[in-house]
Amino acid sequence: MTSAMEPVWVGVDVGGTKVLAGVVDEHGRVVRTARRATPGRRVDAVRVEDALVQAVLEVAGGSPIAGVGVAAAGFVDASGSRVMFAPHLPWQGEDVRDRLADRWGVPVTLDNDANGAAVAEWTYGAARGARSAIVVTMGTGIGGGIIIDDHLVRGANGMAGEFGHMQVVPGGQPCECGGRGCWEQYSSGNALVRFARARMGEQPSVLEEATGGNPDLVTGPMVTEAAEDGDLVARQAFASVGDWLGVGVANLVAAFDPEVVVIGGGVSAAGDRLLEPARTALVRSLVGAAHRQVPPLVAAQLGPQAGLVGAAELARRASQARR
Ligand SMILES: [Zn+2]
């Protein structure tokens, strides 16, 4: 329990549509939250910071703040001080960390949301106790985080873990990044929808009725629900996305040799429907599979609040490192 005057640790997840702040206790539990709408991309950066400041002060509820961790959907530099680029936010190289620290008067840490989710799963969730772990976050695209020898790997530019843009099919599907054949074009929420749309006309499907026969109206949750109802097209979509998931994970395991691979993000709610074909593809695709322990491929445990839990945890760890 957090008493009124005990200092609290706050995590903030800054996404494209909302700013979600939460008080996180020492067991990684979110005690309470406050939210604000993200003001958008074409506004003064200060307005986004205002939304963060308000959400954090509201959630702290008058308790002293020990530290704030911010997880943003975007590229954060290796020193963790600036958001270099974020598709839904106006930040472009501003020193967000120090500006926010000045406004709250407390230490602030800044990282990207996928790193936040990875740290949360490693500390409190499905990768707890592992010294090396890969966390893959599957939403509309793919993000991720790398834990090696008990450290989060950020890379030279802070850009490590952008798994979604590893090329798996030369000359393949065009990607929003400007490349072609990126992994997330074959294994993500968007890939699931694209597969279902393409197959809808070829065989009978409940998606046909749900959309009045218009493939453009197919959504990810619709495919998930149809798969649960036994729909063949939806099930094939999961089989394909799951297979590609396993292929990409095999590459990550070949590169990093983790103890465990955790799959989080919205698509992972499908559980074994996604993970079973992925496990099969992992064993099939992994170098030396017969001579090594193939790491377990498991579902994330912390759900959509993992980013903010990890953000608060990064703030806590930074304060321990300063001592
Ligand atoms: Zn790409």
Scanning segment 163-187 for residues that are surrounded by 19 or more Cβ atoms within 10 Å (Cβ to Cβ) and hydrophobic (A, V, I, L, M, F, W, C), the one farthest from the ligand (Cβ to nearest atom) turns out to be PHE163
Working only within segment 134-153, note down all residues that are within 15 Å of the ligand (Cβ to nearest atom) and part of a loop (DSSP other than H, G, I, E, B).
-> GLY139, THR140, GLY141
Looking for whichever is touching a Pro at 6+ places or on another chain (Cβ under 6 Å), hydrophobic (A, V, I, L, M, F, W, C), open to solvent by less than 70 Å² (accessible area, probe 1.4 Å) and touching a residue at least 24 places away in the same chain (Cβ under 8 Å) here; the options are VAL233, VAL261. Which one fits?
-> VAL261
Determine which member of the set ALA191, ALA196, ALA210 is within 16 Å of the ligand (Cβ to nearest atom) and touching a residue at least 12 places away in the same chain (Cβ under 8 Å).
-> ALA191
Of these, ALA227, ALA191, which one is modelled with pLDDT of 95 or more, more than 30 Å from ASN115 (Cβ to Cβ) and small (Gly, Ala, Ser)?
-> ALA227
Single residue of segment 270-285 satisfying the filter (out of contact with any Phe, Trp or Tyr (no Cβ under 9 Å at 6 or more places or on another chain) and small (Gly, Ala, Ser)) that is most open to solvent (accessible area, probe 1.4 Å) | SER285
Within segment 206-223, can you find the residues that are surrounded by fewer than 21 Cβ atoms within 10 Å (Cβ to Cβ) and within 22 Å of GLY265 (Cβ to Cβ)?
-> THR219, PRO221, MET222
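How many of the residues making up segment 192-205 are open to solvent by less than 60 Å² (accessible area, probe 1.4 Å) and more than 18 Å from ALA270 (Cα to Cα)?
Final tally of qualifying residues: 3.
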State the number of residues belonging to segment 1-30 that are open to solvent by less than 70 Å² (accessible area, probe 1.4 Å), assigned to a strand (DSSP E or B) and not aromatic (Phe, Trp, Tyr).
-> 13
Among ALA117, ALA127, ALA156, ALA160, which is the only one that is surrounded by 24 or more Cβ atoms within 10 Å (Cβ to Cβ) and assigned to a loop (DSSP other than H, G, I, E, B)?
-> ALA127
Could you check CYS177 against (1) modelled with pLDDT of 95 or more; (2) within 22 Å of MET84 (Cβ to Cβ); (3) not in a strand (DSSP E or B) and say which number it fails?
-> (1)
Search segment 42-91 for residues being in a helix (DSSP H, G or I) and open to solvent by 20 Å² or more (accessible area, probe 1.4 Å), and hand back the single one that is farthest from PRO107 (Cα to Cα).
-> ARG47
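The values are calculated or read from the model by the stated rules, or taken from the named source; none is laboratory data. Just so it is clear, the model here is predicted, and its values are computed rather than measured. Cβ coordinates were reconstructed from backbone atoms using ideal geometry, including for glycine residues, and neighbour counts include every protein chain displayed. Areas reflect the complete protein model, heavy atoms only, side chains present, ligands, DNA and RNA absent. Shrake-Rupley method; radii C 1.70, N 1.55, O 1.52, S 1.80 Å.
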